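The values are calculated or read from the model by the stated rules, or taken from the named source; none is laboratory data. Given the structure is predicted, the values throughout are model-derived calculations rather than measurements. Virtual Cβ from ideal backbone geometry, glycine too; neighbours counted across all protein chains shown.
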Amino acid sequence: MTAQRTVLAAAMVTALGGCAWFGSGSAVKPADLGPNVVNLPVRQAWQLSMPAIKNASIRAQVQGDNVVVAAADGTVVSVNAATGRENWRGQAGKTLQAGVGADGQLAAVVTTSNDLVVFEAGKKLWSKTLTASAFTAPLMAGGRVFVLAADRSVSAFDAQNGAHLWTQKREGEPLVLRQQGVLMPYGNTLLAGLSGRLVAFNPDNGNVQWEAPLASPRGTNDVERLVDLVGPASRVGNAVCARAFQATVGCVDANVGRTAWTQTAKGAVGIATDAEYVFGTESNGIVQAWSLADGEKRWSVDRFQHRKLTAPLVLGRAVVMADESGLVHMLSRKDGAHLNRLNTDGTGVAVAPVVAADTLVVVTRGGGIYGFRPD
């Protein structure tokens, strides 16, 4: 299978995984949510705009009080979440495929031409053409840029000049997802999701330190056997938890590289954790909470079915997620009870909400950037 066919097939799999349909081909209409009873007062503090995100595989990257986001046309924006003001705005010069990675000084994105582009204060510092597509935001840490590519390779580059440091590649199932995967730091270790396994690398040389399975390929064809980890993953102490696409949710003890538990779960976006729970949104819109300690199901909420929810965010006593209509839902992390519902521009929320400077930041597909704070 060629790289192009792999990408196209993966795009189809991602689309099918996140939708529910009647046999006639008509989309299922979500149930009415009823009036918004405010149990946690929140106000809109500020709003900015940038070009549309559309379907690029973009995430919002938090660095201190700042949030870095990007648009499909190559625009990259750093926003101070405390004030709602732009720190800088840059342009990659090409359509984006994945982003954003940032370390407080630099920011990195990947274009549809497979160019890894690094910015410093909004100015292009360097770019380098990758050997394969990438749908996961680059990770910037320790003066390096790490890239998880669609050929199941992990590479490291010098953040200042783009010098190639190392690449580790492994064979796997022929399809990959055209969406954010798992690439994150854990102490002095680099963690990446590869074919349903969380793999720990030495960031200095790429040597594999351990692997922990969260799901295994099953089925009789390539589509059925697709099992990738999807971002965002989440960490609490030594527990790193993640979702395997349409298969499981589970946690790994990252100190020893051992799978602590897994539970069957049919979702297509990442998860969030706190000291007690793991939270996830399933492909049919059910919001689920599992025990962080052992994976036991604690509560679920079905009133958001067929709303195509983002990955959740834990924020104080609330767990927050948004949907394709642009609504932001705040639930009690203890039992899923309704706390509040916020409005954006109606174009659909493009990435999982994030928090910076005590501000909930929500980014829409139309390019709206919203900051919300407790009232």
> Hey, V351 hits all of (1) in contact with a Phe, Trp or Tyr (Cβ under 8 Å, 6 or more places away or on another chain); (2) in a loop (DSSP other than H, G, I, E, B); (3) within 15 Å of A60 (Cα to Cα) but one; which does it fall short on?
Replying inline: (1)
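Can you tell me which residue is nearest to T95 (Cα to Cα) among those in segment 131-172 that are in a loop (DSSP other than H, G, I, E, B) and hydroxyl-bearing (S, T, Y)? Step through it out loud before you land on a result.
Kept after step one, since they are in a loop (DSSP other than H, G, I, E, B), are these residues of segment 131-172: 131-138, 142-143, 149-152, 159-163, 170-172.
Adding the requirement that they be hydroxyl-bearing (S, T, Y) leaves 131, 133, 136.
Values: T131: 17, S133: 13, T136: 15 Å.
The extreme case among them is S133.
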> Which residues, taken from segment 354-367, are under 14 Å from the mean Cα position of the chain (by Cα) and crowded, with 24+ Cβ neighbours inside 10 Å?
Replying inline: V362, V363
>> Given the criteria surrounded by fewer than 24 Cβ atoms within 10 Å (Cβ to Cβ), among the aliphatic types (A, V, I, L, M), modelled with pLDDT of 95 or more and closer than 21 Å to S332 by Cβ, does I271 qualify?
In response: no
>> Checking W290 against (1) under 18 Å from the mean Cα position of the chain (by Cα); (2) crowded, with 19+ Cβ neighbours inside 10 Å, only one condition comes out false. Which one?
In response: (1)
> Looking at (1) surrounded by 24 or more Cβ atoms within 10 Å (Cβ to Cβ); (2) closer than 19 Å to V100 by Cβ; (3) of a type outside the set (S, T, Y), can you tell me which one G142 breaks?
Replying inline: (1)
>> Quick check on segment 154-204: of everything there that is among the polar types (S, T, N, Q) and within 19 Å of the chain's Cα centre (by Cα), which residue is nearest to S234 (Cα to Cα)?
In response: Q180
>> For segment 356-368, which positions are hydrophobic (A, V, I, L, M, F, W, C) and more than 12 Å from N66 (Cβ to Cβ)?
In response: L360, V362, V363
> Is it the case that segment 235-248 has a residue that's polar (S, T, N, Q) and at positive phi?
Replying inline: yes
> Can you name every residue in segment 154-188 that is closer than 24 Å to V223 by Cβ, surrounded by 22 or more Cβ atoms within 10 Å (Cβ to Cβ) and either of a type in the set (S, T, N, Q) or at pLDDT below 95 (or both)?
Replying inline: L175, V176, L177, R178, Q179, Q180
>> Residues that are modelled with pLDDT under 95, of a type in the set (S, T, N, Q) and over 24 Å from A132 (Cβ atoms): does segment 218-239 have at least one?
In response: yes
